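Here's the structure we're looking at; comments come further down.
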Amino acid sequence: MPAYFSKIDLHSHSTASDGAFTPTALVERAIERGLTHLALTDHDAVLGVKEAQEAARGRLELIPGAELSATWENKQIHIAALFLDIESPILKEFLDNQKTLRVQRAMEIGAKLDKQGFKNSYEECVKRAGEGASITRGNYARYIFEMGRAQSADDAFNSYLKKGKSCYVKTNWPDVKDVVKVILQSGGVPVLAHPKRYILTNTKLRALMEYFKDAGGVGIEVSSSQMRPCDRDYLATLCQKYDFYASLGSDFHAVGPFRELGLNLLMPENLKHVWDLPQAQNYHFE
Ligand code: AMP
Ligand code: MN
Ligand code: MN
Ligand code: MN
């Protein structure tokens, strides 16, 4: 099947977290690839949004967003916050707290890596990430790969950083309910990110969706870049069942074989879209 490219992509990362492109370079890439709408959703950060908006002005609709880390039943869940008011004091306070959690965790991961024979891992990772950026396990995965201790960032993640491995550190992210509340109070639309990536049974996934809905969640990502058609169809069914608005996003971080801005973001039929919401009306969706 030939690749399909969507002109709308509502999930992407820049150097403000674990993406490889600066906000400006990311916007340039989106324009080159023919996108009309891009949401910047860095992990627990809106640091790159202003720069991206500047770069996009008059050429691309840049939607201010963030991907917020949350907890549900002891699992780490990601909630994409779209159409955010990045000046919201409630959001700022929340992000300050997330930053504290991230710094603490990054230091603990760094200490564990140093025990595995790395040197000054935390400092090295911060240096590579740049001033003010959120440090995620994605940053560490790339660092481990660069140090020649893994075949790829993916391999580094699986060998050192994922749950059960030597450098995994558990983080007490706020409950999904509290994260949704902050997003709503900051004018944003809470969207459950990549629902099929949490490795839940269908029963558990439905329970998560019910919890998210009950908390005030508005949308779910129905379409991602690397997705089996049967998974997309199942998410479309759940989107209708719980009366969610559908979103879509590549989760683009860096150039690679499978993920690319707009790539394979097919939207199933008969769904309401997040861009039909009043929060989207200033962004000139057709
Ligand atoms: P964190 O929010 O710090 O737990 O880091 C999550 C990030 O790690 C994700 O957004 C990805 O960028 C990255 N990540 C997750 N799984 C993998 C993997 N298998 N290989 C490489 N990076 C991954
Ligand atoms: Mn990431
Ligand atoms: Mn995520
Ligand atoms: Mn992401």
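Candidates in segment 112-152 are the residues that are among the β-branched types (V, I, T) and in contact (Cβ under 8 Å) with a residue 24 or more places away in the chain; of these, the one that is nearest to ligand 4 (Cβ to nearest atom) is T136. Counting the residues of segment 226-260 that are polar (S, T, N, Q), assigned to a loop (DSSP other than H, G, I, E, B) and open to solvent by less than 10 Å² (accessible area, probe 1.4 Å) gives 1.
Are any of the residues in segment 28-35 in a loop (DSSP other than H, G, I, E, B), open to solvent by 10 Å² or more (accessible area, probe 1.4 Å) and of a type in the set (V, I, T)? No, segment 28-35 has no match at all. If you go through segment 163-199 and pick out every residue that is part of a loop (DSSP other than H, G, I, E, B) and surrounded by fewer than 17 Cβ atoms within 10 Å (Cβ to Cβ), you end up with 10. For F5, state whether it is of a type in the set (F, W, Y), within 18 Å of the chain's Cα centre (by Cα) and either away from ligand 1 (no atom under 16 Å from the Cβ) or at pLDDT 95 or above (or both). So F5 fails the test.
Residue pairs whose Cβ atoms lie under 9 Å apart, sitting 6 or more positions apart in sequence or on different chains, and linking a residue in segment 1-23 that is hydroxyl-bearing (S, T, Y) and within 15 Å of ligand 4 (Cβ to nearest atom) to a partner that is part of a loop (DSSP other than H, G, I, E, B) and modelled with pLDDT under 95, are T15/G130. For segment 10-26, the set of residues classified as outside any loop (DSSP other than H, G, I, E, B) and either away from ligand 1 (no atom under 16 Å from the Cβ) or basic (K, R) (or both) consists of P23, T24, A25, listed by residue number.
The values are calculated or read from the model by the stated rules, or taken from the named source; none is laboratory data. Quick caveat: nothing in here was measured; it's all calculated off a predicted structure. As a convention, Cβ positions derive from the backbone with ideal geometry for all residues, glycine included, and neighbour counts pool all protein chains shown. The protein model used for the area step is the full one, side chains on, heavy atoms only, and it has no ligands, DNA or RNA in it. Shrake-Rupley method; radii C 1.70, N 1.55, O 1.52, S 1.80 Å.
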